[in-house]
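Here is the structure we will look at.
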Amino acid sequence: MSHPVLVVGAGPVGLTLALALHQQGVAVRVVDRAPQPSDLSKAVVIWPRTLELLDLHGCVEPFLRAGIEGHGARIQAGRHVLVELPFSKVESPFPYALMIPQNRTEAVLTQLLAERGVQVERQLELTDFSESEGCVSARLSRADGSQETMRCSYLLGCDGAHSVVRHHLGLAYSGETLESNWVLADVKLDGPAAPDQVAVVWNPDGILALFPIDVDRFRIIGDVSGAEAADPTLEQVQSLVEQRLGPGYRAHDPIWLSHFRINERKVDRYSVGRVFLAGDAAHIHSPAGGQGMNTGMQDAFNLAWKLALVLQNKAGTPLLETYSQERSAIGDQVLRNAGALTRVALVRQPLLRRLRNLLFSKLGRSRRLQRRLVQQLCETDLHYRGSALSPVLAASGQGLQPGDRTPDLPCHAANGDTRLHALLGGGRFVLLSVGTPLPPLEPSLAGDWLVAASAAPQDGYVAGRTYLIRPDAYLSSCVPSAEREKLLALGDQWR
C-alpha cells in the first residue's frame with residue numbers, strides 16, 4: 001500500500017491540489033502551521049480558465065454561488081477610457097471573471113475537502129524532510145512541542161513565497177523587488193464606480209486600480225512611489241481616490257488597509273526527486289492582471305493528474321518530469337506579461353506617457369487586440385505547445401494544435417451520450433474521433449488510462465481526425481483517424 005501524499009500549505013493552491021488528488025482516489029494529508037485560516041481577502045479574482053478546471057472536477061458551483069460576476073475591464077487615462085475589454089468575448093462556458101476574495105475561496109475549498117473526509121491539520125509545521133527508499137520522510141512539529149515523523153509518497157510544497165520546502169531544497173528564488181511602493185485598501189466605496197468592472201486608471205501622479213469584490217465593496221490599489229512604506233489610513237485612501245478618480249467617491253468601512261512592494265521571482269525548477277513546488281513557493285509576480293493565485297491553482301491541476309496516474313501505476317515517473325517543464329514555461333510567461341503591464345503603467349516621463357496613451361487609445365479600437373487581451377487576462381490563451389507531452393505527429397492544418405486547450409463538446413462514449421469534460425473528470429485521457437465512429441479499444445487499454453469517444457465536427461475539431469486529450473483538457477496530439485495507432489504508441493511511452 002502506498003503512502004499518502006503530504007501537501008504543505010492550506011492556501012488556495014495547496015487546497016486545490018489536495019482536492020484534485022482526492023477526486024482521483026489519492027490519499028492526502030494537508031498540514032499548515034497557522035492556527036486558523038487567514039481572514040484577508042488577498043487575491044480577488046478567479047479567471048475563466050481556472051473556473052473551467054474547477055468545473056472539470058465537478059466542483060465549480062460553490063464558487064459561483066460565493067462570488068459575483070465581473071463582466072469587463074477598462075484602462076483609463078484620467079477619465080478618458082483608452083481600452084474596453086468585455087469578458088463576454090472570451091470563448092468559455094464562464095465568460096466573466098469571478099470576483100471572490102481569497103479567504104472565501106479558501107473557505108469553499110476547505111468545505112469541499114471536509115465533505116470528502118479530508119481535514120486541514122493546523123498548527124502542524126514541517127520542520128525537516130529527506131528522501132529515501134522510494135518515499136519522503138517528513139518531520140512535523142505541533143504547537144505543544146510534540147513531533148511526528150511520517151512517510152509520504154510525495155511532498156508538495158504549497159507554502160507560499162517564504163516556502164520552507166523551497167528553502168530546504170536550496171533552490172534559488174531568482175528575480176527582483178521593484179522600487180515602487182503600493183497601498184492596498186478593501187473598502188466600501190460610494191460613487192459612480194461600475195460594480196461589475198475592473199478599472200485601471202493612469203494619472204500623471206500614479207496609478208489607481210479598482211476591483212469589485214462584493215456588492216458594494218472594492219479593492220483599491222495605488223502606487224505611492226516616494227512615500228513612506230507604511231499602512232495607509234482611511235483618510236489617506238480617500239485622498240488618493242479623490243486625487244486619481246475625481247470627486248464624488250467616498251471610501252468607508254475598511255476591512256483591510258495595507259502596503260506592499262512588488263516582487264518578481266521564480267525558481268528554475270519546480271521539483272527535486274519526490275518533492276514538488278507549486279504556487280508562490282515557485283513563482284511570485286506583479287499583481288497586474290491578477291493572475292498569481294490562478295497560476296498557482298493551475299500548477300495544482302497540472303500536477304494532480306500526473307501524480308494520480310503514477311501512483312495508480314498507470315504511468316511511469318518520467319511523466320512527472322513534464323510538470324516542471326510545462327509550468328515553469330507558464331510561470332515565465334505570466335512574469336513577463338505582468339511585469340510589462342506594471343512597467344507600462346508606471347511610466348513617468350510626460351512625453352512617454354502621452355505616447356503610451358495614444359498607442360493604447362488606437363489599439364483599444366482594434367477588435368483583434370481586444371480579443372487577444374481578453375484571452376490573456378482570462379488565461380484561455382495558455383498552452384503547452386512544445387512540451388514533451390505535445391508532440392506533433394502529423395500536420396495539424398486548421399483546428400487545435402498539440403498543446404492547445406481543448407474546449408468542451410458533446411460526444412458519444414461506450415455508456416452513451418456525454419460531454420468531453422465529463423469524461424476527462426475521471427482522470428483519464430480521452431481518445432476522441434471526430435466525424436467517424438471510433439473502433440473499440442483493446443481490452444488492455446479500455447478502462448485503464450484511456451477512454452474512447454466520438455463527436456461531430458466543431459470549431460477546432462476537424463472531421464477525419466483523432467485527438468488524444470489529457471485529463472486537464474489540453475491536447476496531447478492529433479492525427480488522421482487512420483493513424484490513431486500513433487497516439488496509442490505515444491501513450492505507451494509514458495506508461
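The values are calculated or read from the model by the stated rules, or taken from the named source; none is laboratory data. Since the structure is predicted, the reported quantities are computational estimates derived from the model, not experimental observations. Positions of Cβ are backbone-derived with ideal geometry, glycine not excepted, and every protein chain shown enters the neighbour counts. Protein only, heavy atoms only, side chains kept; ligands, DNA and RNA dropped before computing areas. Shrake-Rupley method; radii C 1.70, N 1.55, O 1.52, S 1.80 Å.
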Degrees, to the nearest 10: 318-345 long Cα axis against longest axis of the chain:
20 degrees
Here P(r) for the range 1-45, Cα-Cα distances in 10 Å bins, as whole percents, is 25, 48, 23, 4, 0
Report the semi-axes of the equivalent ellipsoid for the range 115-224 in whole Å, largest first, where each axis is √(5λ) for an eigenvalue λ of the Cα gyration tensor.
42, 20, 13
HIS383 accessible area, 1.4 Å probe, all protein chains in place, Å² to nearest 10
70 Å²
Any idea what % of Cα-Cα pairs in the range 363-410 are farther than 15 Å?
59 percent
Where q = 0.19, 0.32 Å⁻¹, what log10 of I(q)/I(0) comes from the Debye formula for the range 424-475, counting one point per Cα?
-0.61, -1.23
Once the convex hull of the C-alpha atoms of the range 263-312 is built, how many Å³ does it hold per residue, rounded to a whole number?
65 Å³
Per 10 Å bin, what is the whole-percent P(r) computed from every C-alpha pair distance within the chain?
4, 19, 28, 25, 16, 7, 1, 0
Compute for the range 346-439: radius of gyration divided by Kirkwood radius, i.e. Rg/Rh, restricted to C-alpha atoms, rounded to two decimals.
1.18
Using a cut-off of 13 Å between alpha-carbon atoms, which aspartates and glutamates can reach LYS362, once sequence neighbours fewer than 8 places away in the same chain are excluded?
GLU84
Of the residues HIS421, LEU393, GLY364, the Cα lying farthest along the dipole of the range 322-458 towards its positive end, which is defined by charges on the beta carbon of Lys, Arg, Asp and Glu, belongs to GLY364
Total charge of the residues flanking LEU488 in space, meaning their Cβ is under 11 Å from its Cβ, with Lys and Arg +1 and Asp and Glu -1, is -1
What are the principal axis extents of the Cα atoms in the range 175-309, in Å, biggest first?
57, 33, 24
Expressed in µm² per second, the diffusion coefficient of the range 240-364 from the Stokes-Einstein equation, with Rh the Kirkwood radius over alpha carbon pairs, at 10 °C and 1.306 mPa s, is 89 µm²/s
Whole-Å distance, taken between Cα centres, linking the range 196-252 and the range 446-482:
48 Å
So the angle from the long Cα axis of helix 102-115 to the longest Cα principal axis of the chain, reported in degrees to the nearest 10, equals 30 degrees
On the principal axes of its Cα set, how long, how wide and how thick is the range 50-206? Give whole Å, largest value first.
62, 41, 31
Tally up the carbon and sulfur contribution to the accessible surface of the range 330-378 as a whole percent, 1.4 Å probe, everything protein left in place.
58 percent
Per residue, the convex hull enclosing the Cα atoms of the range 17-131 spans a volume in Å³ of 168 Å³
Please report Rg over Rh for the range 359-495, where both radii come from the alpha carbon positions and Rh follows the Kirkwood definition.
1.04
Leaving out same-chain residues fewer than 8 places away, which lysines sit with a Cα under 22 Å from that of LYS42?
LYS188, LYS266
How much area per residue is accessible in the range 36-179 when the probe is 1.4 Å and only protein heavy atoms are counted (Å²)?
44 Å²
Of the accessible area of the range 393-491, computed with a 1.4 Å probe and all protein chains kept, carbon and sulfur make up a percent value of 56 percent
Over the range 317-464, give the accessible area per residue in Å² for a 1.4 Å probe, as an integer.
50 Å²
Using only Cα atoms, find the angle between the long axis of helix 12-23 and the longest principal axis of the chain, and express it within 0 to 90 degrees, rounded to the nearest 10.
20 degrees
Nearby aspartates and glutamates by direct alpha-carbon distance to LYS314 (threshold 15 angstrom, same-chain neighbours under 8 apart not counted):
ASP448, ASP492
Accessible surface of the range 1-69 [probe 1.4 Å, protein heavy atoms]: carbon and sulfur percent:
52 percent
About its Cα centre, how strong a charge dipole does the range 90-194 have in debye, to the nearest 20, once Lys and Arg get +1 and Asp and Glu get -1 at the Cβ?
220 debye
Once you have all Cα-Cα distances for the range 94-148, histogram them in 5 Å bins from zero and send the whole-percent values.
4, 14, 13, 13, 16, 18, 8, 6, 5, 1
